[in-house]
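K.L.:
My questions will all concern the structure given below.
Read-outs: derived from the displayed coordinates by stated rules, not from any lab. Computed from a prediction, not measured in an experiment: that's the story for all the values here. Counting neighbours? That spans all protein chains shown, and the Cβs are built from the backbone with ideal geometry, glycine included.
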């Protein structure tokens, strides 16, 4: 768990159209891209042990600045050896800035030039989060990749409001850069904002490039605008970002969203969908989603996905998984969460292999065709 001392670096290994195959070198190890980061909001990926998450092929996790600053507190985590040691995850960690969570606290927060004052959703206690404080918290957590503090613009939003929000985030980005402690293996990412307005996205990308970051994220998407508008926004944004730096689409998403974004040049993703869906009985498979709670599975001896190597698929029948849900047993949530994380990591591995072979378009067409087939017929 000791930092390696190697510099933070992005290697672009191959391209296929706009899609990129790469590797990010960090203090706690490499990340093969395109990469999907399971979300460990409160220093844990829900229903999963760290060893199980690693077994799926995940190389990096996401932690949450807002939640960890409130409980157990960043300073406590720092005293206990940092987030890697605290949660027994020796591999890379990215922490978000807290901006998205603060956006969701509409009735509990106030935004001004300095930052955000808000009341904890846990106990109502008052707190302030500024660019400087956000960076300091992420530093204390020992995150390999730290995100600049920003305001995540809601959707829908008028252009004038989106412009003011984006420009505030750019001023905060400058302060985040000034507060960042540059160390070997640690990186700071800026976040492009501007909602779905191309001119605002271009202005934001230009401002961040001028400031200079180790990587660049696209924020403010997957907030209700729909896939078509998200892809259109990416088409007009991704090419404006430095090609020699990793690109991260925040909060995305569904498998088809990820495939489409990779085809547009995105390298990194995170989303709660795999584990949240696993905890509600939905599984992602190569033939589309499956709701294991449906009665059609109660006598089915077949695996959830015959091409998956996770414990849920290699050791248990659909009938047993269905039984676990009917009985309210937590093992059902564990097995489906594990399966979904495995599916997402297999998806990323498939994308990487296709880019390396120069065969991404054929791979993507086959992916879409398989998804269209739908689940296997009931017995």
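K.L.:
Compute the distance from the alpha-carbon center of the stretch 193-251 to that of the stretch 329-360, in whole Å.
P.N.:
25 Å
K.L.:
Report, to the nearest 10°, how far helix 330-357 tilts away from the longest principal axis of the Cα atoms in the chain, using its own Cα long axis and a range of 0 to 90°.
P.N.:
70 degrees
K.L.:
Another one. Springs between alpha-carbon pairs under 10 angstrom, Gaussian network model over the chain: which of 57, 224, 190 fluctuates most?
P.N.:
224
K.L.:
Something else about it: With angles folded into 0 to 90 degrees, how steeply does helix 131-141 sit against the dominant principal axis of the chain? Use alpha carbons for both and round to 10.
P.N.:
Taking Cα atoms only, the helix is inclined about 50 degrees.
K.L.:
In degrees between 0 and 90, to the nearest 10, how far off the longest principal axis of the chain does helix 360-373 point, with axes built from Cα atoms?
P.N.:
Between the helix axis and the principal axis of the chain, the angle is about 50 degrees.
K.L.:
If you don't mind, there's one more thing I want to ask. Can you give me the relative contact order of the chain as a percent, contacts being Cα pairs under 8 Å and 6 or more apart?
P.N.:
Across the chain, relative contact order equals 17 percent.
K.L.:
Based on other C-beta atoms within 10 Å, arrange 117, 26, 280, 237 from fewest to most.
P.N.:
Final ranking by Cβ density, sparse to dense: 280, 117, 237, 26.
K.L.:
Among 216, 155, which comes first, then next, by fewest other beta-carbon atoms within 10 Å?
P.N.:
Details: 216 24, 155 16.
With the sparsest Cβ surroundings first, the list reads 155, 216.
K.L.:
Next question, about the same structure. Rank these for me by crowding, 277, 120, going from fewest to most other beta carbons within 10 Å.
P.N.:
Working: 277 20, 120 15.
Arranged by neighbour count, lowest to highest, 277, 120 become 120, 277.
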